[in-house]
1. Can you sort CYS301, CYS328 from fewest to most other Cβ atoms within 10 Å of each residue's own Cβ?
2. Under a Cβ-only charge scheme (Lys and Arg +1, Asp and Glu -1), can you give me the dipole magnitude of segment 127-278 about the Cα centre, in debye to the nearest 20?
3. Any chance you could run the full-extension gain for LYS445 through ARG327? It's 0.36 nm times the residue separation minus the Cα-Cα distance, nm to one decimal.
4. Please give me the summed charge of the neighbours of ASP216: other residues whose Cβ is under 10 Å from its Cβ, Lys and Arg +1, Asp and Glu -1.
5. May I ask you to compute the full-extension gain from THR154 to SER218, defined as 0.36 nm times their residue separation minus their alpha-carbon distance, rounded to one decimal in nm?
6. Let me spell out the model: positive unit charges on the Cβ of Lys and Arg, negative unit charges on the Cβ of Asp and Glu, origin at the Cα centre of the chain. What dipole size does that give, in debye rounded to 20?
7. Please work out the FRET efficiency for the pair ASN203 and GLU47, using the Cβ-Cβ distance as r and a Förster radius of 35 Å; give the result to the nearest 0.05.
8. Once you place label points 7 Å from the Cα toward the Cβ at LEU427 and ASN98, how far apart are they in nm?
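Rule-based calculations on the coordinates, nothing more; no lab input. Quantities reported herein were computed from a predicted structural model and do not represent experimental measurements. Here the Cβ positions follow ideal geometry from the backbone for every residue, glycine too, while neighbour counts run over all protein chains shown.
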Amino acid sequence: MKSIITTCLVVALFASFVLCTHPKVDVKLLKDFSFQPKNDLIILMKETTDLNKIQDTDGKFLNEIPDMDRRARLIVTKLMRTAYFSQQHVIEILKRRNVQYESLWINNVISVKQATIELAEEIAKRAEVEKVASNNEVIVDVPVDIQEASNIVTDEPQWNLKWINVDKVWAAGHTGKGVVLSVSDTGVRHTHEALRENYRGRNSDGTYDHNYNWFDPSGSREPIDRDGHGTHTMATAAGRTQGIGIAPDAKWVACRGLASGTTSILKCIQWLLAPTDLAGKNPNPDLRPHVSSHSYWCSNCRVEDAVDALVKAGVMFIKSAGNNGPRCSSITEPGTYENAIAVAALDKQSDKAAYFSSRGPVKSGSKVLLKPNVAAPGTNVYSAVGSGDNKYSTMSGTSMAAPHLNGVVGLLWSAVPRLARKIPETLEIIYKTAKHQTSTECDSKGQSPNYTFGYGTIDVYAAYNLAKQMGY
């Protein structure tokens, strides 16, 4: 009874009346109901999947299976089975109440459209339900500065690529062939001159097949980007014109994660693990990308299990650190997760931290995590935008830094295929070969790694050389 009374008191702060319900109904959702009678919500089931205990028919655990595609298939199959059997009774209730819902197996939740508080309470009473929560808002890491730029006629790599020695890897004959990069962002303008040739959905005759190559939780059946942010980030990783893209011969796919709250993020992570057709059907984990970068933030968005599953399947999850610096402990979720690689932003042509770049540390339960993990150029970065097929701009923000690591990992895995999808080994190499700037900010104590730069500025050429020396 105590927890119910506490919930009532909290909700009373937001409304002119007291609203009480089951303690498993999240306080934020109660606040939503105090303003309107129907709300989108998420049902979190109690049963979870321990990825470390998944075994194949021969009794081998995931880490004992060298075939990463086979690992991914096992993960998807197990997650689907867990969701199917644990959600059955709740789904029966939703069908009887005639509400729109979608089962998301990636972390065993159910997304529900326009539910009443009575339905939320009925679901919360089920023993197999952990929580009934709000579909929390997800916000793009808005660049701190945007300047439209005139087209630069050049094939020379831009300054930011040279800063991390991309040009030296190109000179060694490696430009990203054989890998697939992705972003979950505001979308991508797939017809942009910098991106149309290497979009995986483009056929040899110039037509398009967007199945398994694009997904929009809000329903667009072809790639769109009404903001331009996603096009900018994707082109930094894989753009082919004007020297803007780190891995210009990589293929790319994308999901429009910034569409409708936490459920959009979950749907995109699920799609990245097992891409589907445009209807969201027939998932195929063999078509998952190698790397994905994310430039948004959410509060208590409950997607860590989904991130862990994606990473376990060999897809590196990269997140912008956030633009809340120089305040300490300002890294934004999901960059706060242990398996999410948070990237700090540098000033232009400098290894100094940009003032806006979020700092660590991050507290996770009883642990203190090193965040950010690394740093990359994030100030005055020139790249494509979504306002036209030949439009470009310079932007500043950690959203601009994160796709540098996306492209760097793609370039490294293309150059050293035996390292592909081996995320712990890849990170060890990237961390060892970073520039290791020191810092005294935020309890960093003048050491490296630290809570300003992580391990420091990434250097793809040094990482490439070390990987070869190590026998990859």
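1. Values: CYS301 22, CYS328 17.
Placing the least packed residue first, the sequence is CYS328, CYS301.
2. In debye, rounded to 20, segment 127-278 gives about 300.
3. Working: separation 118, 0.36 × 118 = 42.48 nm, distance 1.62 nm.
Between LYS445 and ARG327, full extension yields 40.9 nm more.
4. Details: positive: ARG221, ARG256, LYS267; negative: GLU222.
Local charge sum for ASP216: +2.
5. Computed gain between THR154 and SER218 is 19.3 nm.
6. On the way: 53 positive and 49 negative charges, 154 e Å.
For this selection, approximately 740 debye.
7. Computed FRET efficiency for ASN203 and GLU47: 0.25.
8. If labels sit at LEU427 and ASN98, their model points lie 4.9 nm apart.
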